[in-house]
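Notes to accompany the following structure.
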Amino acid sequence: MAERAKAESATTEQPKLAEELKKMEYEPLLPVEKKLIGWSIGLGTGLIFILYWVSVTFFPGGH
Amino acid sequence: MTARSLGTFVVLFPHERAKQGVDCMDEKRIDEDKAAEGKCDTPKTCVAEKKGISEDWMALWIGLFLFILSLGIFAGTDILGWGVTTSVWTDASKALAPIAKDFQGIKGDITKIDGQKLTLKKADGKEETVTVKEDTSQLKVGEKYEKKGLTGFMSLLYTYLFLLVVMTIAATALKANIGKFIFGFTVVFWVSYICWIIGSWANIAVTTPPDMKKFGISWSLKLTAEAGFIVALIAGLIVGNFFQGIGKAIKEAVRPELYIKTAIVILGGFLGVVAAEKLGLATAVMFRGLCAIVEAYLIYWALVYLVARKYFKFSKEWAAPLASGISICGVSAAIATGGAIRARPIVPIMVSSLVVIFAVVELLVLPFLAENFLWKEPMVAGAWMGLAVKTDGAAVASGAVTESLVRAKALAMEGVNYKEGWIVGAAATVKVFIDVFIGVWAFVLAIIWCSVIECKPGERVRVVEIWHRFPKFVIGYVITFFVILYIGIKFPGLMGKTKAAMGEGNVFRGIFFTMTFFTIGVVSNFKKLWEEGIGKLAAVYLLCLFGFIIWIGLFISWLFFHGVKPPVITG
C-alpha cells in the first residue's frame with residue numbers, strides 16, 4: 001500500500017516527458033499568433049536596414 | 001534567494017490563488033542555476049530551495065573581490081603577484097611560474113649593472129634584465145647572482161589554497177555542503193589545471209614555424225595554448241558520461257555558471273584596458289553588438305516559434321519556451337519565458353536539459369568552423385559565438401577558443417598579430433546584452449500573451465520582473481569595465497600599472513574559464529538524448545539550431561561586424 005502510494009507520488013511529482021508530450025493536444029496556429037510572428041519578423045527585417053545605417057554612419061568600425 | 005536565479009512562476013498570494021483556482025505547479029520556482037548546470041530534470045528536483053544567495057550575486061562578489069585585490073598594484077602592493085601562470089612548454093618542470101616578476105626567482109652571471117638594473121646571463125645562455133632592491137654597489141660584473149623566488153609548483157599550490165578559501169566562503173554563503181564542496185572543488189581545480197598544463201605542451205599549442213624552431217619541435221597540432229580548454233572539456237565529458245560516480249561525488253563544486261560569471265566580471269576589467277586603448281572602436285563594437293541582439297531576438301524567436309507550432313505541432317505552452325531556449329539564451333530565456341506565459345515547470349526544465357547538451361556540441365564545433373572560414377573577419381567570428389552558442393558558459397568559452405584559434409591562424413597565414421581581448425570581447429558583449437534583455441523580452445511576451453493570446457486566471461504582469469530577471473553579475477562586469485576604462489582615459493600615465501593589475505586578475509579569469517570548461521563537460525550527460533520522448537524536442541532543436549539559428553546568427557554578425565578589425569600588434 002505504502003509502496004503504491006510512493007509510486008503514485010513519484011509519478012505525480014516527476015512527470016515523464018513522453019507522457020507530457022502525448023498529453024499535448026493539437027492547437028492550430030491562431031491568427032493572433034500568425035500576426036505576432038509576422039510582426040516580429042517584419043520588424044526585425046525593417047530594423048536591419050535602420051540599425052545597419054545607424055551603425056555605419058554613427059559608429060564606424062574602421063580605425 | 002533572489003528571483004533572478006529562479007524562474008518565477010508565482011504572482012499570486014495564497015489566498016488569491018485559492019480563490020482563483022490556479023494550478024498548484026504555478027507556485028513552484030525553478031532554480032535556474034540548477035537547471036543551467038544540468039543538476040535537475042524534473043519539477044521536483046528543480047524547485048529552488050529557500051537558502052543562501054544565488055550564484056548570480058555570488059559571482060558578482062567573487063569577481064569584484066579579485067578585481068579589487070588586483071588593483072593593489074596601484075598602492076604599491078602586489079597582492080596577487082604569486083598567482084600561477086603557465087607558459088608553452090617542452091619541459092614540464094618549467095611550465096609554471098608566478099605571474100609577477102617580483103615573485104619569480106632568478107639565477108645567472110652578472111653581465112651589466114645599471115643603477116638598480118642587473119643584466120644576467122642565465123644557465124640557458126639567454127640574458128635577462130631585472131630590477132633589484134638591494135644595494136648594487138656591492139655587486140660586480142662577472143659575479144654570480146641569485147634571487148630566491150616562488151617555484152612554479154608553490155605558486156600553483158598558493159593559487160589553489162587561495163581559491164579554495166575564497167570559494168569555500170562563497171559555498172558557505174550559497175549554503176552548500178562544505179565538506180563535499182571542498183572535496184569537489186579540489187578535484188575540479190586540479191583536474192582543470194592539469195588539463196590546462198597539458199594544453200600548453202608545445203606539440204599541442206605552438207602555431208607558427210618560428211615558434212616550432214624556438215621550441216625545437218618538428219610537429220604541432222597548432223591548437224594554441226587555449227587547447228587546455230578543449231582538453232578540460234573532453235575530460236569533463238568523460239567524467240560526466242562514463243564515470244558518473246565521480247561526477248556525483250564532486251557535484252557540489254560542479255558549478256559552471258558560477259565560474260563563468262565570475263570570469264566575466266574579471267574579464268570586464270581586462271576589456272576596459274582594451275577599450276581604453278581604442279575607445280572609438282570599443283564603442284562601435286558595443287553598439288553593433290546591441291544591434292545584433294535586437295535582430296536576433298526579433299527574427300530567431302519568431303521563426304523557431306513558427307517551426308515548433310506549425311511543423312512539429314507543439315502547443316503554445318511548449319513552443320514559446322522552446323523558441324526562447326533555442327533562439328535566445330538557453331536556460332535563462334526558457335525559464336523566463338515559461339514564467340511569462342505561465343507554462344508548467346516541466347516545459348522549461350526539459351528545454352533546459354537539451355540546451356545544456358547542444359551548447360557543448362556548438363562549443364566543440366563552431367570555434368573550428370570560425371577558424372577555417374572567418375579568420376579574415378575576427379570580430380564576425382567573436383560576435384557569432386555570442387549569438388549562436390547558448391548558455392553564458394559555452395558562449396564566452398567559445399569566444400575564448402575562437403580568439404586564440406583565429407589570432408593564431410591570422411598570424412600564421414598573413415603575419416597579422418591581432419591584439420588579444422577583442423574577439424572574446426565581442427562574444428562577451430553580445431552575450432551580456434542578450435542576458436540583459438531576457439527580462440525585457442519575458443516582460444514583453446507576458447504582456448502579449450496576457451493581452452492577446454491566452455491570459456490565465458489571476459495572471460498579472462509586473463514591471464519589477466524585469467529587475468528580478470536581470471543578471472546581477474552583469475553589474476560587476478559593468479563596474480570593472482568602466483572603472484578601468486575611466487583610469488585608462490583619465491590617467492594614461494598609469495596604463496602600465498593598469499595592464500599589470502589586469503594581467504594578474506586575468507590569471508584567475510583563466511582558471512575560472514578552465515574550470516568552466518571542465519564542469520560544463522561534467523554536467524553534459526548525452527544519455528539524456530536517449531530518454532523516451534525527447535526525440536521530438538531534440539528534432540526541433542536540431543533543425544532550428546543547425547538549420548537556421550546558426551546561419552542567421554552568422555549573417556547578423558557579418559552584417560554588423562564585417563570590416564571591423566581588432567587593433568594589430570606591430571613591431
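A few remarks follow.
- Condition check for A:Ala10: modelled with pLDDT under 80, open to solvent by less than 100 Å² (accessible area, probe 1.4 Å) and more than 8 Å from every other protein chain (Cβ to nearest Cβ): yes
- In this entry, B:Val365 is excluded by the filter for residues that are within 14 Å of another protein chain (Cβ to nearest Cβ), out of contact with any His (no Cβ under 6 Å at 6 or more places or on another chain), surrounded by fewer than 24 Cβ atoms within 10 Å (Cβ to Cβ) and assigned to a helix (DSSP H, G or I).
- Taken over segment B:54-78, the criterion of being surrounded by 17 or more Cβ atoms within 10 Å (Cβ to Cβ) and in a loop (DSSP other than H, G, I, E, B) is satisfied by B:Ser54, B:Asp78.
- Of everything in segment B:115-126 that is surrounded by 13 or more Cβ atoms within 10 Å (Cβ to Cβ) and out of contact with any Phe, Trp or Tyr (no Cβ under 8 Å at 6 or more places or on another chain), the residue that is farthest from B:Gly152 (Cα to Cα) is B:Thr119.
- As a summary of the residue check, B:Leu303 satisfies the conditions (1) within 23 Å of the chain's Cα centre (by Cα); (2) within 13 Å of chain A (Cβ to nearest Cβ); (3) open to solvent by 10 Å² or more (accessible area, probe 1.4 Å) except for the one numbered (1).
- Taken over segment B:362-416, the criterion of being farther than 25 Å from B:Thr262 by Cα and polar (S, T, N, Q) is satisfied by B:Asn372 alone.
- Contact map, segment A:34-63: first residue more than 7 Å from chain B (Cβ to nearest Cβ), second residue open to solvent by less than 40 Å² (accessible area, probe 1.4 Å) and β-branched (Val, Ile, Thr), Cβ cut-off under 8 Å, separation 6 or more or different chains; pairs are A:Thr45/B:Ile299.
- Each residue in segment B:161-175 was checked for being more than 21 Å from the chain's Cα centre (by Cα) and within 18 Å of B:Phe508 (Cα to Cα), and 3 of them qualify.
- Residue under evaluation B:Lys376, criteria (1) of a type outside the set (A, V, I, L, M, F, W, C); (2) farther than 24 Å from B:Ile520 by Cβ; (3) part of a helix (DSSP H, G or I), criterion not met: (3)
- Members of segment B:234-259 found to be farther than 15 Å from B:Phe181 by Cβ and either of a type in the set (Ser, Thr, Tyr) or open to solvent by 30 Å² or more (accessible area, probe 1.4 Å) (or both), listed by number: B:Ile234, B:Ile238, B:Phe242, B:Phe243, B:Gln244, B:Gly245, B:Ile246
- Residue tally, condition crowded, with 17+ Cβ neighbours inside 10 Å and either among the small types (Gly, Ala, Ser) or more than 22 Å from the chain's Cα centre (by Cα) (or both), over segment B:418-447: 11
- Filter pass, B:Pro471 being within 14 Å of chain A (Cβ to nearest Cβ), open to solvent by less than 10 Å² (accessible area, probe 1.4 Å) and outside any helix (DSSP H, G or I): no
- Only listed residue being at pLDDT 75 or above and not in a helix (DSSP H, G or I), chosen from A:Tyr26, A:Tyr52: A:Tyr26
- Filtering segment B:88-114 to residues that are assigned to a loop (DSSP other than H, G, I, E, B), out of contact with any Ser or Thr (no Cβ under 7 Å at 6 or more places or on another chain), open to solvent by 40 Å² or more (accessible area, probe 1.4 Å) and under 22 Å from B:Leu161 (Cα atoms) leaves only B:Gly105.
- Residues in segment B:230-267 that are closer than 19 Å to B:Gly330 by Cβ, of a type in the set (A, V, I, L, M) and over 14 Å from the mean Cα position of the chain (by Cα): B:Leu237, B:Val254.
- Test for B:Phe443: is it in contact (Cβ under 8 Å) with a residue 60 or more places away in the chain, of a type in the set (Phe, Trp, Tyr), under 30 Å from A:Ala18 (Cβ atoms) and in the same structural domain as B:Gly240 (by TED's automatic domain parsing): no
- On inspection, B:Val304 passes the criterion of being touching a Cys at 6+ places or on another chain (Cβ under 6 Å) and under 28 Å from A:Lys22 (Cβ atoms).
- Within the set B:Gly415, B:Gly458, the sole residue that is at pLDDT 85 or above, at positive phi and surrounded by fewer than 20 Cβ atoms within 10 Å (Cβ to Cβ) turns out to be B:Gly415.
- For segment B:67-87, the condition holds for at least one residue, the condition being that it is within 21 Å of B:Arg509 (Cβ to Cβ) and at pLDDT below 90.
- Tally, over segment B:542-571, of residues that are assigned to a helix (DSSP H, G or I), within 13 Å of chain A (Cβ to nearest Cβ) and either more than 24 Å from A:Leu47 (Cα to Cα) or open to solvent by 10 Å² or more (accessible area, probe 1.4 Å) (or both): 5
- Checking each residue in segment B:512-533 for being open to solvent by less than 10 Å² (accessible area, probe 1.4 Å) and part of a helix (DSSP H, G or I) picks out B:Phe512, B:Phe513, B:Thr514, B:Met515, B:Thr516, B:Phe517, B:Phe518, B:Thr519, B:Gly521.
- Criterion violated by B:Arg342 - all others in (1) of a type in the set (D, E, K, R); (2) crowded, with 21+ Cβ neighbours inside 10 Å; (3) facing chain A (nearest Cβ under 8 Å); (4) not in a helix (DSSP H, G or I) satisfied: (3)
- For segment B:149-168, the tally of residues that are surrounded by 15 or more Cβ atoms within 10 Å (Cβ to Cβ), out of contact with any strand residue (DSSP E or B) (no Cβ under 9 Å at 6 or more places or on another chain) and not polar (S, T, N, Q) stands at 5.
- Test: B:Ser353 is within 14 Å of chain A (Cβ to nearest Cβ) and open to solvent by 10 Å² or more (accessible area, probe 1.4 Å): yes
- Pairs where the first residue, in segment B:309-329, is more than 10 Å from chain A (Cβ to nearest Cβ) and assigned to a helix (DSSP H, G or I) and the second is modelled with pLDDT of 90 or more and open to solvent by 10 Å² or more (accessible area, probe 1.4 Å), C-beta under 8 Å, 6+ apart: B:Ser327/B:Leu303
- Just one of the listed residues (B:Lys499, B:Lys536) is in contact with a Phe, Trp or Tyr (Cβ under 8 Å, 6 or more places away or on another chain) and in a helix (DSSP H, G or I), namely B:Lys536.
- Scanning segment B:175-206 for residues that are of a type in the set (A, V, I, L, M), over 29 Å from B:Trp219 (Cβ atoms) and open to solvent by less than 10 Å² (accessible area, probe 1.4 Å) yields a single hit, B:Val188.
- Scan of segment B:493-541 for residues that are farther than 19 Å from B:Leu69 by Cα and among the aliphatic types (A, V, I, L, M), ordered by number: B:Met515, B:Ile520, B:Val522, B:Val523, B:Leu529, B:Ile534, B:Leu537, B:Ala538, B:Ala539, B:Val540
The values are calculated or read from the model by the stated rules, or taken from the named source; none is laboratory data. Quick caveat, the model's predicted, so the values are computed rather than measured. Note that each Cβ is placed from the backbone with ideal geometry, even for glycine, and that neighbours are counted across all protein chains shown. Please note that ligands, DNA and RNA were not included when accessible areas were found on the heavy atoms of the full protein model with its side chains. Shrake-Rupley method; radii C 1.70, N 1.55, O 1.52, S 1.80 Å.
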